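See structure below.
The values are calculated or read from the model by the stated rules, or taken from the named source; none is laboratory data. Predicted model only: the values in this text are computed from it and were never measured. Cβ coordinates were reconstructed from backbone atoms using ideal geometry, including for glycine residues, and neighbour counts include every protein chain displayed. The accessibility values were calculated without ligands, DNA or RNA, using every heavy atom of the protein model including side chains. Shrake-Rupley method; radii C 1.70, N 1.55, O 1.52, S 1.80 Å.
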Amino acid sequence: VREAVVSTQSTGEKYKKIRVNNAGFQKKIMPLVGGVEFLEIAGFTRITDDTDNEDYFIMLETPTIEHLTLCVETLKSSKKLAPTLDRDVKVLQPSAASQRYELSSDFFRVTKEDLMTEQKRRAEEAERSEMLRTKAIRDRDAGIGMRIYHYTIIRIRFPDGLLLQGTFSAHDTVESIFKFVENALRHPVSFSLITPGCPPLKRDKTLLKAAGLVPSGLMNLSTNERSEFTLLSDELVCKLTSL
């Protein structure tokens, strides 16, 4: 885009006409927020050519060098905006129906194939645990089979039964969950997070996919704090919905 704008003051007419369906234009300009608007401010106008029925951005009148220089300097000084993942925070109240589970005996039946698969998995896990591996290698191994997941839904069950839910990147850390909970509290309290059947989570930089929390994770919040009211902030309680 910068070359096209700068070259409008030269004799090269080809820079004053950009085909919209051009592969480079579609890849580099169209996906950018503000890309088309920048071209229009620089002096380009989008029109349809009747001869080939194609859309083009054409500079019908050459702007002043001062205007073009200002456009280029503005483009150079602009900063890249890093996208921020929306946590999509929700507070859920489990209904009585959702807490009742009626499972048939078939649910607990284990086949011969199931046992063999589990035995193989444990053997491979034991073999890997005996190897000297760096943290990067451990994270990589834990991520095998999870690469298709870019996001994960994390739910934290509070002592009063309310569920705090948030969306995280698969590459977020366990530390980010603790910060998420802290920001949701009515007031600061000491707590631990426990996944069913496992010891309390360590507050560290372990990736969520390496911690087995992708594509979803459920944990209980444990605290010695005793209160008549929920630990969640009033702002979040107002968003309470039934599960």
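Suppose we filter region 18-52 for residues that are within 20 Å of residue 71 (Cβ to Cβ), modelled with pLDDT of 85 or more and open to solvent by 90 Å² or more (accessible area, probe 1.4 Å); how many remain?
4
Of all residues in region 147-201 being of a type in the set (A, V, I, L, M, F, W, C) and under 13 Å from residue 216 (Cβ atoms), which is most open to solvent (accessible area, probe 1.4 Å)? I'd like the intermediate steps shown before the answer.
Of the residues in region 147-201, the ones of a type in the set (A, V, I, L, M, F, W, C) are 148, 153-154, 156, 158, 162-164, 168, 170, 174, 177-178, 180-181, 184-185, 189, 191, 193-194, 198, 201.
Cutting the leftovers down to under 13 Å from residue 216 (Cβ atoms) gives us 153-154, 156, 163, 168, 170, 177.
Working: 153: 63, 154: 0, 156: 0, 163: 10, 168: 0, 170: 1, 177: 1 Å².
The selected residue is 153.
What residue, among those in region 157-197 that are outside any strand (DSSP E or B) and basic (Lys, Arg), is farthest from residue 92 (Cα to Cα)?
179
Just to verify a result, which residue in region 212-221, among those that are part of a loop (DSSP other than H, G, I, E, B) and open to solvent by 40 Å² or more (accessible area, probe 1.4 Å), is farthest from residue 152 (Cα to Cα)?
As a first pass, look at region 212-221 and keep what is part of a loop (DSSP other than H, G, I, E, B): 212-215.
Filter once more, keeping what is open to solvent by 40 Å² or more (accessible area, probe 1.4 Å): 212, 215.
Working: 212: 10, 215: 4 Å.
Only one residue fits best here, namely 212.
Can you find a residue in region 98-114 that is part of a helix (DSSP H, G or I), modelled with pLDDT of 75 or more and not small (Gly, Ala, Ser)?
Filtering region 98-114 for residues part of a helix (DSSP H, G or I) gives 98-99, 105-108, 112-114.
From what is left, the residues that are modelled with pLDDT of 75 or more are 112-113.
Keeping just the survivors that are not small (Gly, Ala, Ser) gives 112-113.
Checked region 98-114: at least one residue is part of a helix (DSSP H, G or I), modelled with pLDDT of 75 or more and not small (Gly, Ala, Ser).
Determine which single condition residue 95 fails, assuming it passes every other condition in (1) modelled with pLDDT of 75 or more; (2) touching a Leu at 6+ places or on another chain (Cβ under 9 Å).
Failed condition: (1).
Please verify whether residue 148 is in a loop (DSSP other than H, G, I, E, B), modelled with pLDDT under 75 and not acidic (Asp, Glu), treating the condition exactly as stated. Talk me through it step by step, then tell me what you get.
Values: in a loop (DSSP other than H, G, I, E, B): yes; modelled with pLDDT under 75: yes; not acidic (Asp, Glu): yes.
Yes, satisfied.
Consider region 198-238. How many of its residues are out of contact with any Leu (no Cβ under 9 Å at 6 or more places or on another chain) and within 16 Å of residue 161 (Cβ to Cβ)?
Number of matching residues: 4.
Just checking: which of the helices (runs of 4 or more DSSP H) contained wholly in region 9-88 hold 2 or more residues that are among the small types (Gly, Ala, Ser)? Working first, answer last.
Numbers: elements: 23-28, 35-42, 65-77.
Passing ranges, in order: 23-28, 35-42.
Six or more apart or on different chains, Cβ under 8 Å: which pairs go from a residue in region 196-219 that's of a type in the set (Val, Ile, Thr) to one that's surrounded by 14 or more Cβ atoms within 10 Å (Cβ to Cβ)? Could you list them?
Listed by first residue and then by second, the contacts come to 206/139; 206/173; 206/174; 214/146; 214/149; 214/152; 214/170; 214/208.
Counting only residues that are open to solvent by less than 100 Å² (accessible area, probe 1.4 Å), polar (S, T, N, Q) and either assigned to a loop (DSSP other than H, G, I, E, B) or at pLDDT 75 or above (or both), how many does region 115-138 have? Before the answer, list the steps.
Quick first cut of region 115-138, residues open to solvent by less than 100 Å² (accessible area, probe 1.4 Å) only: 117-118, 123-126, 128-129, 133-137.
Next, only the ones that are polar (S, T, N, Q) stay: 117, 129, 134.
Adding the requirement that they be either assigned to a loop (DSSP other than H, G, I, E, B) or at pLDDT 75 or above (or both) leaves 117, 134.
Qualifying residue count, region 115-138: 2.
Looking only at region 52-93, which residues are touching a residue at least 24 places away in the same chain (Cβ under 8 Å), of a type in the set (S, T, N, Q) and under 30 Å from residue 150 (Cβ atoms)?
Of everything in region 52-93, just one residue is touching a residue at least 24 places away in the same chain (Cβ under 8 Å), of a type in the set (S, T, N, Q) and under 30 Å from residue 150 (Cβ atoms), namely 93.
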